[in-house]
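Only the coordinates and a few stated rules stand behind these numbers; no lab work does. Computed from a predicted model, the values in this text were never measured in an experiment. Cβ sites come from the backbone with ideal geometry, for glycine too, and all protein chains shown count toward neighbours.
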2 protein chains.
Amino acid sequence: MTKTMKEMDVLRDHLAKHQLKLTRQRELILTAFLRQEHITAEAMYHQLAKKDPHLGLATIYRTLNLFCDAGIAQARHFGTQTQYDNISHKGHHDHLICTGCGTIVEFENCEIERLQEEVATKNGFVIQTHRLELYGLCSRCRH
Amino acid sequence: MTKTMKEMDVLRDHLAKHQLKLTRQRELILTAFLRQEHITAEAMYHQLAKKDPHLGLATIYRTLNLFCDAGIAQARHFGTQTQYDNISHKGHHDHLICTGCGTIVEFENCEIERLQEEVATKNGFVIQTHRLELYGLCSRCRH
DNA sequence: TATCCTCTTGAGACGGCTTATCAATTTCAA
DNA sequence: TTGAAATTGATAAGCCGTCTCAAGAGGATA
Ligand SMILES: [Mn+2]
Ligand SMILES: [Mn+2]
Ligand SMILES: [Zn+2]
Ligand SMILES: [Zn+2]
């Protein structure tokens, strides 16, 4: 999978490898998803209702989970809902979340990632994934 | 609140400050909770069913949430369930979780915590809480 | 210790979010 | 073009945690 491979091709590749099919719905949802940094299934459902009023919510969930399997998205539980992060452009990143207004700031810190590896190694683990979320108040919400 | 204060006194203190009452159930649940590193409400429900078959699940949830308010426990969402961590002895800590066997290793890394503050400050945030979970395979599960 | 206002409990209903079910439809390899 | 296999949409079901409310318990006060 080369760096220049478009996400649609990443999806096609994953589908082929798993005997899955490319459907009109999957194309539609991928196109919409790639315009987002992160989105919930429900939000995408409402957003796409304009283009295809018959698109089912279950299909959105199934498809976003498919994107996770294909490495295009990453699920993240926030509050009671699941956010689907678009990691196709930015790659891995963590989140800073304002508990006041819900603003989400994405960040990446190599030093933290390195220390995580160090902690894991020290305990005999090999890391597969991780989750780091910082909750607090943004400057606006503190006033 | 001194360092040597026993957890039962921490609870009593919190109850007094908030016009809450010390009940038989709260004492029972606290005693059981202090024997754990972390536990789910459901698991505690089954564990305590032997001692008190009439103890309700809602009471367990309410009481564990009370412990969170009192600073004795800390809720952590893991998978679909909520784990209540016993932070009374150890204080804040993060988790290394084996995706193979479910083993959980607790750790604390000051350097990571410091870098988190740095990231927050850089983005104008003041951190209230955070969550760091490393998922991977322990040495046994890799073989 | 008895009083009595308030807090707590237990049982089950309820609610939000996600997945399972299944008949009808679509995809795509042959 | 054909047909087996995957997918879809509607909705039921499931899970987990909270809410409701009548009955019961705690504890400050006298
Ligand atoms: Mn993101
Ligand atoms: Mn723990
Ligand atoms: Zn804010
Ligand atoms: Zn393991």
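Odds and ends about this structure:
- Counting, for every residue in B:110-116, the Cβ atoms of other protein chains within 10 Å of its Cβ and taking the mean gives 5.
- Electrostatic dipole magnitude of the protein assembly as shown [Cβ: Lys, Arg +1; Asp, Glu -1; Cα centre; debye, to 20]: 760 debye
- Copies compared at A:Gln19 - label distances in nm, ascending, label defined 7 Å from Cα in the Cβ direction: 6.6
- Chain B: antiparallel DSSP beta bridges as a percent of all, rounded to 5: 75 percent
- Placing +1 on the Cβ of every Lys and Arg and -1 on the Cβ of every Asp and Glu, with no other charges, gives chain B a dipole of roughly 500 debye about its Cα centre.
- Beta bridges by DSSP in segment B:92-136, antiparallel share as percent, to the nearest 5: 50 percent
- Annotation for segment B:54-95: trypsin sites (Lys or Arg not before Pro) lying in DSSP loop with at most 14 further Cβ atoms inside 10 Å of their Cβ are B:Lys90.
- Stokes-Einstein diffusion for segment A:1-96, with the hydrodynamic radius set to the Kirkwood value over Cα pairs and evaluated at 10 °C in a medium of 1.306 mPa s, equals 116 µm²/s.
- Copies compared at B:Thr31 - label distances in nm, ascending, label defined 7 Å from Cα in the Cβ direction: 6.6
- For segment B:60-77, the residues whose amide N sits under 19 Å from a probe point set 7 Å from the Cα of A:Arg76 along the beta carbon direction are B:76-77.
- Helix A:24-33 and the long axis of chain A differ in direction by around 30°, with both axes built from C-alpha atoms.
- Each 5 Å bin, from zero up to the one with the longest distance, holds this percent of the alpha carbon pairs of segment B:92-136: 5, 19, 25, 19, 14, 10, 5, 2.
- Gaussian network model of chain B, Cα within-10 Å springs - most flexible of B:Thr63, B:Thr80, B:Thr103: B:Thr80
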